[in-house]
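The values are calculated or read from the model by the stated rules, or taken from the named source; none is laboratory data. Note that the coordinates shown come from a computational prediction; the quantities given were computed from them, not determined experimentally. Here the Cβ is made from the backbone with ideal geometry for all residues, glycine too, and neighbour counts use every protein chain on show.
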Amino acid sequence: MELSRRDALAALSAAGVGSLAGCAAPTAGGEGTGDRSDGRGIGGDDEGRVGDRELATLVAVAEAVYPSEVEGVAEFVETYTGGRVDGDDAYARGVAEAAATLDEYTETFHDRSFRELSVDTRLETLDVMSVDVEEPDPDGTDAQRVRHYLVNELLYALYTSPTGASLAGLENPPGHPGGTESYREGPDA
């Protein structure tokens with residue numbers, strides 16, 4: 001299934017990120033409305049920005065945790081992340097710190113950054129870090145922050161988008177119109 005920019009905008013809308021009607025969502029790489037004339041990344045100061053390195057880590061996490069049949073992950077993550085962190089310096093800082101923490105953890109065991117690992121090794125690394133069993137907490141341990149800012153946020157984005165929701169068998173996700181027939185028919189109809 002192909003994720004689209006429209007899916008990312010629907011996920012942003014479900015996340016309550018302002019009104020997106022008639023506007024282009026920023027991308028975390030610095031394109032769109034998130035581009036800053038001072039050369040900093042989206043989200044504030046140089047240390048708390050979501051730039052190319054952090055974005056590559058987010059895409060690598062998404063490639064590991066999203067179902068294998070999902071395509072268009074990079075564009076989807078760029079658009080969603082750009083809209084999610086734009087104007088929210090604290091959140092952008094949390095994402096940047098969690099991505100740096102994940103890279104540091106990975107470099108300790110594999111001598112490479114998270115994004116340079118194979119998808120299977122990425123999943124194994126997340127498992128060894130216990131990201132799958134920790135409760136998400138933006139102020140918690142390293143694993144809790146990675147789960148909160150990276151894994152859960154990306155999974156939320158996927159499954160609140162129309163394409164991701166249909167992948168999970170949710171015919172009518174929040175914010176996606178379906179009409180009266182959507183609740184009269186089962187998901188297999």
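Could you tell me whether T108 is under 21 Å from A143 (Cα atoms) and either of a type outside the set (D, E) or touching a helix residue (DSSP H, G or I) at 6+ places or on another chain (Cβ under 9 Å) (or both)?
yes
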Residue under evaluation R145, criteria (1) modelled with pLDDT under 95; (2) among the charged types (D, E, K, R); (3) in a helix (DSSP H, G or I), criterion not met: (1)
For region 110-132, give me each residue that is over 18 Å from R53 (Cα atoms) and in a loop (DSSP other than H, G, I, E, B). M129, S130, V131, D132
Considering residues that are buried (at least 23 other Cβ atoms within 10 Å of the Cβ) and in contact with an Asp or Glu (Cβ under 7 Å, 6 or more places away or on another chain), the number found within region 85-125 is 4
Looking at this structure, is A92 assigned to a helix (DSSP H, G or I), modelled with pLDDT under 95 and not basic (K, R)? yes
Only listed residue being acidic (D, E), under 17 Å from L158 (Cα atoms) and crowded, with 18+ Cβ neighbours inside 10 Å, chosen from E134, E78, E71: E78
Taking interchain pairs and intrachain pairs at least six residues apart, which have beta carbon atoms under 7 angstrom, with the first residue in region 51-66 and farther than 13 Å from S118 by Cα and the second modelled with pLDDT under 95 and of a type in the set (S, T, Y)? L55/T81; L58/T81
